[in-house]
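**Student:** Mind looking over this structure? Questions follow.
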Amino acid sequence: APPRPGGASRFRSSSAGRPPPRAPLGKAEGRGPSRNRCGGPAGEMGLEVEPLFQAWSYFRRRKFRECSDLCSQLLERPPGEQEQTDSEYTVFQAAWSLKTRALTEMVYVDEIDMDEEGIAEMMLDENAIAQVARPGTSLKLPGTSQGAGPSPAVRPVTQSGRPITGFVRPCTQSGRPSTMEQALKTPRTALTARPITSASGRYVRLGTASMLTNPGGPFINLSRLNLAKYAQKPKLAKALFEYIFHHENDVKNALDLAALATEHAQFKDWWWKVQVGKCYYRLGLYREAEKQFKSALKQQDMVDTILYLAKVYLRLDQPVTALNLFKQGLDRFPGEVALICGIARIHEEMNNISSAAEYYKDVLKQDNTHVEAIACIGSNHFYSDQPETALRFYRRLLQMGVYNCQLFNNLGLCCFYAQQYDMTLSSFERALFLAENEEETADVWYNLGHVAVGIGDLNLAYQCFKLTLVNNNDYAEAYNNLAVLEMRKGHIEQARALLQTASSLAPHMYEPHFNFAVLSEKVGDLQRSYTAARKSEEAFPGHVDTQQLIKQLKQHFAML
């Protein structure tokens, strides 16, 4: 997701981006030679910059590798050469703190937007409160939305029963499987066919990435640290906590340090309470995390804390509470884009698309370059049979500098349905050129197959769907459409095999079940036809053709 305004860099200065003032050359009248702050004559070339200042300059320019190397050289000096800085800390302590911050920034991930639920979190969740939730109060059960969401016949749905959004987020790629077998069979992300075993696995891999930043071994030996001593030095403790939490991924030691520092601050420092809450959230102790975030909000009202608390409520499957929290936050921070966007996401996940579109429009009133809002409104217009309007939003993204495969894919579809045929194929060609992996290539070929069906060239459509399966062998929609083309050719057995593959890959789609039911009914296999029709009805209860087929089959069974 795009970074929130103000959240991209925590270390800013008003002088960033401006050239440093030049010292005058030569001698001024009545004075000695003009000298710069580093001690050398101003006119000399190759001036020596004080090493700690040079390291800080590297850090400010986000050259974290150079900053870390320079700090390592400072830390290797003999203890006798360590002079005192302007503050109460020595150069050694300043270099140590700066190196921890540089190493942290190299692997830093924003905890607010980055959230994945793996199979372990989904299937082994001990925080299940209500198995049968009231309508409009749960994200986990697809049929509990209050708003009349779009029909699956118009807008495709994900495995969890929610419509496909216009923007890929970390949590939207993983649906909520109903059984462990389905969870293991279905791909959990868009970029890999291997299921995510657990969200904690990603954090472990982040921790192993820290070894790459220090080839000689870990910078700080956490097992030998006296955390109580560091907790009494707030300036060093904050840098150390972020290093342990983000770089080493040792949540237990990070929690111990945060608890000691909170105690040392007499429970009056809101920042440490937020960090304790983050540790509890990572450990799965959501109620304890909720207490810490609420306590921090009482001391200091911060947008980030509200977003962390909303994450806790969403993980506890309490979207209504999260919505109320966002609205209370908007009373205190009117026009805050992150809060309005959070409300829109929750409405979208609860299948209340019209309300989500209204909130995304509010986001654009505050920030008219918000990529997520523009993309979601564009996809909403496209699925509402307004391709011309959607085209304007996607063109706006192109003007803003977004230049990727997905955007040109969407532009090609909008141009086709808006009958601007001259731009359709060139957009898809550009999308194929920009595709970064096989899954993106498969999406483009699948949409080209749709275009071929629309213009009546079934041979081209057949080839496009085949190319889709070459690039992505788990593409259920392509199997379904290939089966329809095989039925038109009269190849019944091939069509049945393709439909069975599609229905096993995507049990949440109604089309493979319905097509299989129609095909079985034609060849006289009434029992299989009835079973498939019932599955189609479960996936899409409002499908009229499925209901008519079930009615016909019941009449057949009554006659028998």
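**Student:** Counting only protein chains, not ligands or nucleic acids, how are 350, 423, 559, 106 ordered by accessible area (probe 1.4 Å), most first?
**Tutor:** On the way: 350 20, 423 95, 559 160, 106 65 Å².
Accessible-area ranking of 350, 423, 559, 106, largest first: 559, 423, 106, 350.
**Student:** If the chain between residue 398 and residue 332 were fully stretched, how many nm would it gain, using 0.36 nm times the residue separation less the Cα-Cα distance? Show your work: numbers first, answer last.
**Tutor:** On the way: separation 66, 0.36 × 66 = 23.76 nm, distance 3.45 nm.
Result for the pair: 20.3 nm of gain on full extension.
**Student:** For region 294-343, which whole-number percentage of the solvent-accessible area (1.4 Å probe, protein heavy atoms only) is attributable to carbon and sulfur atoms?
**Tutor:** That fraction is 51 percent.
**Student:** With a sphere of radius 14 Å drawn around the Cβ of residue 261, what net charge do the other residues whose Cβ falls strictly inside it have (Lys, Arg +1; Asp, Glu -1)?
**Tutor:** Details: positive: 229, 233, 235, 238, 268, 273, 278; negative: 242, 256, 263, 269.
Local charge sum for residue 261: +3.
**Student:** Oh, and also: At a probe radius of 1.4 Å, what is the per-residue accessible area of residue 107, in Å² to the nearest 10?
**Tutor:** Here the accessible area works out near 20 Å².
**Student:** I've got another one for you. Among the lysines, which fall within straight-line cross-link reach of residue 365, defined as a Cα-Cα distance under 20 Å, with same-chain neighbours fewer than 8 residues apart omitted?
**Tutor:** Straight-line reach from residue 365, under 20 Å: 327.
**Student:** For region 243-374, what is the convex hull volume of its Cα atoms per residue in Å³? Don't jump to the answer; show the numbers that get you there.
**Tutor:** Working: hull volume 15.3 nm³, N = 132.
Dividing the Cα hull volume of region 243-374 by its residue count gives 116 Å³.
**Student:** Could I ask something else about it? Counting only other residues whose beta carbon sits under 13 Å from that of residue 414, what net charge do I get with K and R as +1, D and E as -1?
**Tutor:** Details: positive: 392, 395, 396; negative: 385, 388.
Combined, the nearby Lys, Arg, Asp and Glu give +1.
**Student:** Can you tell me which lysines have their Cα less than 26 Å from the Cα of residue 554? Leave out same-chain residues fewer than eight positions away.
**Tutor:** 522, 535
**Student:** At a 1.4 Å probe, what is the % contribution of carbon and sulfur to the accessible area of region 389-434?
**Tutor:** Numbers: 1350 of 2620 Å².
Carbon and sulfur: 51 percent of the exposed surface of region 389-434.
**Student:** P(r) of region 474-559 in 5 Å steps, Cα pairs, percent per bin?
**Tutor:** 3, 18, 27, 24, 19, 8, 2, 0, 0
**Student:** Compute the accessible area per residue over region 474-559, keeping the other protein chains in place, probe 1.4 Å, unit Å². Walk me through the numbers before you get to the answer.
**Tutor:** On the way: 4390 Å² over 86 residues.
Accessible surface, normalised per residue, equals 51 Å².
**Student:** Sticking with this structure for a sec: Rounded to whole Å and sorted largest first, what semi-axes of the equivalent ellipsoid does the C-alpha gyration tensor of region 309-451 yield via the square root of 5 times each eigenvalue? Walk me through the numbers on the way to the answer.
**Tutor:** On the way: eigenvalues 211, 50, 37 Å².
Square roots of five times the eigenvalues give 32, 16, 14 Å.
**Student:** Give me the three principal axis extents of region 225-283 from the C-alpha atoms, as integers in angstrom, largest value leading.
**Tutor:** Reported extents, whole Å, longest axis first: 24, 22, 14.
**Student:** Could you name the lysines in cross-link range of residue 229, using Cα to Cα under 24 Å and dropping any fewer than eight places away on the same chain?
**Tutor:** Qualifying lysines at Cα under 24 Å: 99, 238, 252, 268, 273, 278.
The values are calculated or read from the model by the stated rules, or taken from the named source; none is laboratory data. Since this is a predicted model, take the numbers as computed values, not measurements. Quick reminder, even Gly has a Cβ in these numbers, built from the backbone with ideal geometry, and neighbours come from all protein chains shown. All accessible areas refer to the heavy atoms of the entire protein, side chains included, with ligands and DNA or RNA removed. Shrake-Rupley method; radii C 1.70, N 1.55, O 1.52, S 1.80 Å.
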